[in-house]
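**Q** Quick one: the structure is below, and I'll ask about it shortly.
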Amino acid sequence: MVTQGEAAALFALGTLAGLLPDIDSDHSIPAQWLFRLLSLATALFVLFRWQGKMPLWQLLACAGAGAVLMRYIVLNLFARITVHRGLFHSLPAGLLAGLATIALGQLLMDWTLHFSWLAAAFVSGGYLLHLVLDEMFSVNLMGSSLKKSFGTALTLFSPVAWPAYVLLYAAVIAGMLLLPMPWPIFNIHAGSL
């Protein structure tokens, strides 16, 4: 179904997606790396977007300011509004990560529709594997007891954070309706409803 290079890319995507549920942990390595990458991406976006439209010193200053803003301001804001084992430790978040992979793969990477969906399956699968392993490790098999974290990894909904879950489910439904399906029989768009 795929070439060796594509198989390696899918494996890497699934592995990296296995780290995604921990981005809501304030001092986690995945969160630090994600915001470092976003800082670099912000700086590069500014450089490419406004190249030749302003003097070099202004362009570099704006790129640096964008990177600092993302790395320190946005990261601190993200850390304040998220709770570890909150919204990102849920099954719908794993689905949304897969759907985002389809959109980004098609828009930014110029992937084929079938490869985008395959990549989404690996991302959602890696995400789900992390959640399942977290749930398994919250059971103390030797002492036949449950840790306090039991039931927090495979969350479908939380009444405490119901507005965030409503938005999350709305984003998942919108993604499923708006993104192109890999098989014509499932190709339902919002316009045909």
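**Q** Out of the stretch 10-27, which residues are surrounded by fewer than 16 Cβ atoms within 10 Å (Cβ to Cβ) and at pLDDT below 75?
**A** ASP26, HIS27
**Q** Keeping to the stretch 19-66, report how many residues are without any contact (Cβ under 8 Å) to a residue 60 or more places away in the chain, hydrophobic (A, V, I, L, M, F, W, C), under 30 Å from SER90 (Cβ atoms) and out of contact with any Leu (no Cβ under 7 Å at 6 or more places or on another chain).
**A** Residues that pass the stated criteria total 9.
**Q** Across the stretch 20-70, what is the number of residues that are charged (D, E, K, R), under 17 Å from the mean Cα position of the chain (by Cα) and part of a helix (DSSP H, G or I)?
**A** Residues meeting the conditions: 3.
**Q** Looking at the stretch 170-179, which of its residues are in contact with a helix residue (DSSP H, G or I) (Cβ under 6 Å, 6 or more places away or on another chain) and in contact (Cβ under 8 Å) with a residue 24 or more places away in the chain?
**A** Those that are in contact with a helix residue (DSSP H, G or I) (Cβ under 6 Å, 6 or more places away or on another chain) and in contact (Cβ under 8 Å) with a residue 24 or more places away in the chain: ALA171, VAL172, GLY175, LEU179.
**Q** Which residue, of VAL68, VAL83, VAL74, VAL132, is modelled with pLDDT under 90, farther than 26 Å from PHE157 by Cβ and surrounded by fewer than 19 Cβ atoms within 10 Å (Cβ to Cβ)?
**A** VAL74
**Q** Any residue at all in the stretch 45-54 that's among the small types (Gly, Ala, Ser) and surrounded by fewer than 13 Cβ atoms within 10 Å (Cβ to Cβ)?
**A** So far as the stretch 45-54 goes, yes, one or more of its residues are among the small types (Gly, Ala, Ser) and surrounded by fewer than 13 Cβ atoms within 10 Å (Cβ to Cβ).
**Q** Name the residues in the stretch 102-114 that are of a type in the set (A, V, I, L, M, F, W, C) and crowded, with 21+ Cβ neighbours inside 10 Å, would you?
**A** Listed by number, the list holds a single entry, ILE102.
The values are calculated or read from the model by the stated rules, or taken from the named source; none is laboratory data. The structure presented is a predicted model; accordingly, all values stated were derived computationally and were not measured. All Cβ positions, glycine included, derive from the backbone under ideal geometry; neighbour counts span all protein chains shown.
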